[in-house]
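Following: one structure in structure tokens, then a few remarks.
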Amino acid sequence: VTVREFECILAFFTGEDQENDNGSKVNDNLALNNPLINVVQSIRIDNWTSLAVSVKETKVGVMHPPPPSYFLGYTLPPGHPCNTFTLPPPPADKKRTGPRPCPVCYLPVEEAVALMPKVPSFSPVIKNLTYIFEENLNRETEFGGSDFGGYPTLKQRNDSYDIRESMNMHCGFVKGRKPGRGTGFDIYDSDLLEMEQCNGVVVASAIFGAFDVIQQPRNISEYSKQTVCFYMFVDEETEADLKGKYENKKIGVWRIVLARDLPYTDGRRNGKIPKLLLHRLFPNARYSLWIDGKLELVADPYQILERFLWRKNATLAISRHYKRFDVFVEAEANKAAGKYDNASIDHQVEFYKREGLTPYSEAKHPITSDVPEGCVIIREHIPISNLFTCLWFNEVDRFTSRDQISFSTVRDKIAAKTNWTVNMFLDCERRNFVIQKYHKDVLALLAQRAPPVIYPPPRPVLAPPPPPYVANDSQRKVPPRRRRDRKSGARHHRKVSKEIV
């Protein structure tokens, strides 16, 4: 065996990151970062397929590892309650026309954990992602961008949608060799070390500008508390607001992580970094569940992953908007609500329109919507889903921060090359496992408008009324009957008689 062959074999088994000539780090290699051993699951399921090939010994006696095996989904046993589960009809009350939760058929936590795939899902076409690192940024481009995103040119953007087996692309953190260290959105090394230890499921959220109140998850199993990583990213203003409310970097199940040197002045745009780039912040995590800071998680993470990813054989799931399905309608709604500068929204929509964006219609089926409710993202960290969120982030970086507008463009461009798409489930199902709370400013406004509570004085204690008096008939005194004067009456009668005669 040559020295080079030995180095390649050693790198394969140790999982060490390789660097290319321009210093970009490869950390999304499907063959390197995912388990190769196909372990039989403890619960009986159907249609679970492995593509593993037995190890073969070469002439020189070197054991070559087998190619990776993939999770290809399963079906629940016949007669399982979730197979026959159907949504109930909507409430008959016509006054309740707004969004509301609906029932979801979850498996018990123990069954969901048993069904967790032992191997990664298949990633069509794309197998390796190399993220661009640039020390000297070229800010004079025709397409805009930022120091954090790297100012990709229009040609680089178009090239990133030409899906290939190995790709070199922008995906944030372009100024540093390691996300969170000298890149903008910087994180202390002690936190980065802990984040690298998360190699299973991560639940993440963020609060910037002290905009929300931290919501503690409910209905979380003890197993999830021990195995799931819960991370809340905050900026310096939020951390100052939380002073004295936590110790050892923990508030309930959340580990609080301070992000410094934020790259954008817009807090909402800063929030898109952990929302869309969790695979870069947690390079060893297999699955992630993102929830916005205003949401309260009320279901176990393993139940959510089983219901919306594993059972559907999906690698990324997001709920559709409860009312809007068309990007053009969504853009107008954002303008009417003052969500972003109207001219910037118009520019973005016109750009997508020139690329072929059309209004949503039933002709796009089986696609059910072009507009997501982006406050929850459920995904598996494999190259194809990582590519999707990288491209989605790049659109947010160069256009507006309204990610609902750019979602369908990224999805459809990837689907055209790979036949991969997103599981878009009902908004009422999302509202089943997260409860939306008010932002802090709204809570303060409601507190000001609330009328003062006036406590009425206590009611006086009244003596009970006396019992009713009932007299005996023998004791009852009957008043004398008033007798009429018969004489006067008789005379009057006689007078009347005479007049009649």
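A few comments on the model shown:
- Across Lys245/Lys335; Lys175/Lys312; Lys178/Lys335; Lys118/Lys417; Lys245/Lys312; Lys225/Lys364, pairs whose alpha-carbon gap is larger than 31 Å: Lys245/Lys335; Lys175/Lys312; Lys178/Lys335; Lys245/Lys312; Lys225/Lys364
- Label-point separation in nm, Asp341 to Cys82, each point 7 Å along Cα→Cβ: 4.7
- Contour minus Cα-Cα distance for Thr141 and Val125 (0.36 nm per residue): 2.8 nm
- Added length on full extension, which subtracts the Cα-Cα distance from 0.36 nm per residue, Arg164 to Asn419: 90.5 nm
- In segment 89-167, GluC sites (Glu not before Pro) in a DSSP loop with at most 13 other beta-carbon atoms within 10 Å: Glu135, Glu140, Glu142, Glu165
- Dividing the mean sequence gap of close Cα pairs (under 8 Å, 6+ apart) by how many residues segment 184-445 holds gives a relative contact order of 26 percent.
- Stretching Ser361 away from Lys312 to a fully extended chain increases their span by 15.2 nm, per 0.36 nm per residue minus the current alpha-carbon distance.
- Label-point gap, in nm, between Lys225 and Asn248 - each point 7 angstrom along Cα→Cβ: 1.3
- Working from label points 7 Å from Cα in the Cα-to-Cβ sense, the Thr75 to Lys95 distance is 4.6 nm.
- Take each peptide in 201-208, 178-185, 418-425, 406-413, count the other Cβ atoms within 10 Å of every residue, and average; sorted highest first, the result is 201-208, 406-413, 178-185, 418-425.
- Nonlocal amide H pairs with Val203, under 5 Å, H built at 1.01 Å: Cys229, Phe230, Tyr231, Leu289
Laboratory data are not the source of any read-out in this text; all were calculated from the coordinates shown. All values reported here derive from a predicted model rather than from experimental measurement. We place every Cβ from the backbone using ideal geometry, glycine too, and count neighbours over all the protein chains shown.
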